[in-house]
Amino acid sequence: MKRVLLAFILLFLAPVGVSSAILEREGSTWETARRDATGLAPDPAATPEAVIQVYAARAFAWRGIFSVHTWIAVKPAGAAAYTRYDVMGWGVQHGAPAIRVNRMGPDNYWFGSRPVVLLERRGPEAEALIPRIIAAIEAYPYKDTYRTWPGPNSNTFIAHIGRSVPELGLEMPGNAVGKDYLPDGALFAPAPSGSGFQFSLLGVAGLMLALDEGIELNLFGLSFGIDFDDVALKLPGLGRIGAFPQ
């Protein structure tokens, strides 16, 4: 029992402690935190082809110790602007929809945190996938529900899109808390990348085995794993540590 407890502390609690120690923010309030564009989205005026981008940025305030926030932006061929889709919790308890459209620009800072591009698809491939992404968004079963932990939240939403459109090949960050919350209480589902499968007990405990994601163990919404494809560790709070850190 002591060895199990020690392993839990080393693999799950210690990385979260490190994440808490190194976390920094430019702004300390919603009003002052940075939210301007980063320039990561190709300029629509100079990019006539279709574009799909999935972003991740550290969640605001204490949530950022544990998790990132993810969203998707799409631009059909010839479109003059992107359409961004997020799930947000603010106001949902008072009747606001969980899915927000164009709440910010496609690549903006997320309340002080600079995003990274998790996935980008362009050209005819992207053009063919955009209608399926829109269909997946419309089919999301938690349009009026939000729960920070264990889900459904923003990462549940983006993982749902990945499972619905496996051709995207979307690999969610290991520290995207809520990605393992499976709709309708399901115990088994494809991995978000479409390259494997996962078991999950309401997002609180589970196991993922996939070619893209590798092996991930989920306990209390925190994931520890090994990504053999990119040769990296996935640590709770810290995310990917290796060739391509998130």
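List of remarks:
- Which listed residue, of Ala126, Ala139, is more than 21 Å from Ala56 (Cα to Cα), modelled with pLDDT of 95 or more, out of contact with any Phe, Trp or Tyr (no Cβ under 7 Å at 6 or more places or on another chain) and not aromatic (Phe, Trp, Tyr): Ala139
- Within the range 223-237, the set of residues being surrounded by fewer than 22 Cβ atoms within 10 Å (Cβ to Cβ) and at pLDDT below 90 comprises Phe228, Asp229, Asp230, Val231, Ala232, Leu233.
- Per this entry, Ile130 is not counted among residues that are more than 17 Å from Ala41 (Cβ to Cβ) and of a type in the set (A, V, I, L, M, F, W, C).
- Selection of the range 61-78 for residues being among the aliphatic types (A, V, I, L, M), closer than 22 Å to Glu171 by Cα and modelled with pLDDT of 95 or more yields Val68, Ile72, Ala73, Val74.
- Summed over the range 101-121, residues that are under 21 Å from His160 (Cα atoms), surrounded by fewer than 18 Cβ atoms within 10 Å (Cβ to Cβ) and charged (D, E, K, R) total 2.
- Within the range 50-69, the set of residues being aromatic (Phe, Trp, Tyr) and more than 30 Å from Arg132 (Cβ to Cβ) comprises Phe60, Trp62, Phe66.
- Among the residues of the range 136-160, those identified as within 16 Å of Ser200 (Cα to Cα) and polar (S, T, N, Q) are Asn153, Asn155, Thr156.
- Screening the candidates Arg103, Arg34, Arg132 for the property of being assigned to a loop (DSSP other than H, G, I, E, B), basic (Lys, Arg) and either without any contact (Cβ under 8 Å) to a residue 60 or more places away in the chain or closer than 25 Å to Asp144 by Cβ (or both) yields one hit, Arg103.
- Considering residues of the range 30-48 that are at pLDDT below 95 and in contact with an Asp or Glu (Cβ under 7 Å, 6 or more places away or on another chain) only, the residue surrounded by the fewest Cβ atoms within 10 Å (Cβ to Cβ): Arg34
- Yes/no for Ala73 being in a helix (DSSP H, G or I), in contact with a strand residue (DSSP E or B) (Cβ under 9 Å, 6 or more places away or on another chain), farther than 20 Å from Thr148 by Cβ and in contact (Cβ under 8 Å) with a residue 24 or more places away in the chain: no
- Residue check for Ile158: within 19 Å of Arg100 (Cβ to Cβ), crowded, with 16+ Cβ neighbours inside 10 Å, under 16 Å from the mean Cα position of the chain (by Cα) and of a type in the set (Val, Ile, Thr): yes
The values are calculated or read from the model by the stated rules, or taken from the named source; none is laboratory data. Source: prediction; values computed, not measured. For neighbour counting, all protein chains shown are included, and Cβ atoms are generated from backbone atoms with ideal geometry for every residue, glycine included.
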